[in-house]
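Right, one structure below, let's go through it.
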């Protein structure tokens, strides 16, 4: 029998909860691009480490900025 140890990864901390001054705004394209893949898809919560409340806000901000043509829907 092989003893396999599961490596526990460090729990990711929500960046918006850690930095109380950080605000989620659809006009801040540089901040929102961190939560997109290179293809333009929104990254899930388990990858970004955001809490549920802030992940919903990030998703809404990304969708608003796409509608205002600040961010692309897809990348060719």
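For segment 50-62, which residues satisfy the criterion of being more than 19 Å from residue 73 (Cα to Cα) and surrounded by fewer than 17 Cβ atoms within 10 Å (Cβ to Cβ)?
51, 52, 53
In segment 37-46, what count of residues is obtained for those that are loosely packed, with under 13 Cβ neighbours inside 10 Å and either farther than 13 Å from residue 59 by Cβ or more than 12 Å from the chain's Cα centre (by Cα) (or both)?
Residues in segment 37-46 being loosely packed, with under 13 Cβ neighbours inside 10 Å and either farther than 13 Å from residue 59 by Cβ or more than 12 Å from the chain's Cα centre (by Cα) (or both): 4 in total.
Of the residues in segment 64-76, how many are closer than 18 Å to residue 37 by Cβ and exposed (fewer than 14 other Cβ atoms within 10 Å of the Cβ)?
5
Checking the conditions here, which among 23, 7, 11, 34 is loosely packed, with under 13 Cβ neighbours inside 10 Å, in a helix (DSSP H, G or I) and without any contact (Cβ under 8 Å) to a residue 40 or more places away in the chain?
34
Report the residue count in segment 47-76 for those that are assigned to a helix (DSSP H, G or I) and either over 9 Å from the mean Cα position of the chain (by Cα) or within 13 Å of residue 15 (Cα to Cα) (or both).
Counting residues in segment 47-76 that are assigned to a helix (DSSP H, G or I) and either over 9 Å from the mean Cα position of the chain (by Cα) or within 13 Å of residue 15 (Cα to Cα) (or both) gives 17.
Going by the structure shown, is residue 39 touching a residue at least 12 places away in the same chain (Cβ under 8 Å), more than 26 Å from residue 9 (Cα to Cα) and either touching a helix residue (DSSP H, G or I) at 6+ places or on another chain (Cβ under 7 Å) or part of a helix (DSSP H, G or I) (or both)?
For residue 39, the condition - touching a residue at least 12 places away in the same chain (Cβ under 8 Å), more than 26 Å from residue 9 (Cα to Cα) and either touching a helix residue (DSSP H, G or I) at 6+ places or on another chain (Cβ under 7 Å) or part of a helix (DSSP H, G or I) (or both) - is not met.
Taking residue 1 and the conditions (1) at pLDDT below 95; (2) surrounded by 12 or more Cβ atoms within 10 Å (Cβ to Cβ), which numbered condition does it fall short on, given that it satisfies the others?
(2)
The values are calculated or read from the model by the stated rules, or taken from the named source; none is laboratory data. Model, not experiment: these values are computed from the prediction. In this analysis, Cβ positions are derived from the backbone assuming ideal geometry, glycine residues included, and neighbour counts consider all displayed protein chains.
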